[in-house]
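Heads up, the thing below is written out as structure tokens.
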Amino acid sequence: GQNIDQPTEMTATEGAIVQINCTYQTSGFNGLFWYQQHAGEAPTFLSYNVLDGLEEKGRFSSFLSRSKGYSYLLLKELQMKDSASYLCAVRGRGNTPLVFGKGTRLSVIA
Amino acid sequence: GAGVSQTPSNKVTEKGKYVELRCDPISGHTALYWYRQSLGQGPEFLIYFQGTGAADDSGLPNDRFFAVRPEGSVSTLKIQRTERGDSAVYLCASSFEYRAGYTFGSGTRLTVV
């Protein structure tokens, strides 16, 4: 089976940096994805990691350690529009569909 | 199309009725996925199509749920004898191949009263 854990809620200040952690246990591993979901909207793709290390894309970065079953999403220079849920999703063995965590609801405050 | 289109956006139905939810994926995307999402939860996998065939239907909760994709493009999720516990947002996603990220539609909010 697969199990994905991430914090339920986080709060951070506009302009600051926030790190959202995700730990996972899977049968096989074939990639980890982060999605952003604003309330009432569809999830949108943010990042993909399949090898260990950091992937940077503008204000967002994602890190993966396969040996530790651990990833984080780093958001820099937070803006109010970054208030959303952030979903960690893992693909297990082969072409199995993504399994999503419950999401972390981030609130950015002034 | 330019994005994944789902219709209807909202559906209210009475307990025991039959409903169909439609998904029109991005043109050329061979993989199509159905998920459902309850409030405060992440998307829960239901079924995955590769082309016309269901490659994995292990997430369908019971035999009241069925999905088809007869021509390898549009898919319909069918729910028989709806129950109040079926109320959720049903999300469809597509990808051009299984290793790619998914593009989600805006979802169908199903409410069973």
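Take the alpha carbon gyration tensor of the range B:34-100, find the square roots of its eigenvalues, order them as a ≥ b ≥ c, and report rounded if a/c is under 1.5; if not, report prolate when a/b exceeds b/c, else oblate. In terms of gyration-tensor shape, oblate.
In this model, which of A:Lys102/B:Lys78; A:Lys102/B:Lys11; B:Lys17/B:Lys78; A:Lys57/A:Lys102 are farther than 22 Å apart at the alpha-carbon?
Numbers: A:Lys102/B:Lys78 25 Å; A:Lys102/B:Lys11 24 Å; B:Lys17/B:Lys78 11 Å; A:Lys57/A:Lys102 24 Å.
Beyond 22 Å: A:Lys102/B:Lys78; A:Lys102/B:Lys11; A:Lys57/A:Lys102.
Divide the volume of the convex hull around the Cα atoms of chain A by the residue count and you get 92 Å³ per residue.
Using only the alpha carbons of the protein assembly as shown, what is the convex hull's orientation-averaged projected area in square nanometres? In nm², the orientation-averaged hull projection of the protein assembly as shown is 12.1.
Set the Förster radius R0 to 25 Å, insert the Cβ-Cβ distance between B:Lys15 and A:Gln25 as r into 1/(1 + (r/R0)^6), and round the FRET efficiency to 0.05.
On the way: r = 37 Å, r/R0 = 1.49.
With a Förster radius of 25 Å, E is 0.10.
Alpha-carbon geometry of the range B:1-49: the Rg and the Dmax are 12.8, 37 Å, given in that order.
With +1 on each Lys and Arg Cβ and -1 on each Asp and Glu Cβ, how big is the dipole of the range A:1-67 about its Cα centre, in debye rounded to the nearest 20?
Details: 3 positive and 7 negative charges, 31 e Å.
Result for the range A:1-67 is approximately 140 debye, rounded to the nearest 20.
Put a plus charge on the Cβ of each Lys and Arg, a minus charge on the Cβ of each Asp and Glu, and nothing anywhere else: the dipole of the protein assembly as shown about its Cα centre is then about 280 debye. The mean sequence separation of alpha-carbon pairs under 8 Å and at least six residues apart, normalised by the residue count of chain B, gives a relative contact order of 37 percent.
If one computes the Cα centroid of the range A:1-32 and of the range B:1-79, what distance in Å separates the two points? One Cα centre to the other: 26 Å.
What number in nm² do you get for chain B if you take the convex hull of its Cα atoms and divide its surface by four? Walk me through the intermediate numbers first.
Working: hull surface 25.9 nm².
Averaged projected area of chain B's Cα convex hull equals 6.5 nm².
Tell me the net charge near A:Phe63. Cut-off is 10 Å between Cβ atoms, A:Phe63 excluded, with +1 for each Lys or Arg and -1 for each Asp or Glu. Present the calculation step by step, with values, prior to reporting the outcome.
On the way: positive: none; negative: A:Asp52, A:Glu55, A:Glu56.
Its environment carries a net charge of -3.
All of the numbers you see were taken from the coordinates with simple rules; none came from a lab. What you see is a predicted model, and the numbers here were worked out from it, not measured in a lab. When we count neighbours, we look across all protein chains shown, and the Cβ atoms used for this are built from the backbone with ideal geometry, even at glycine.
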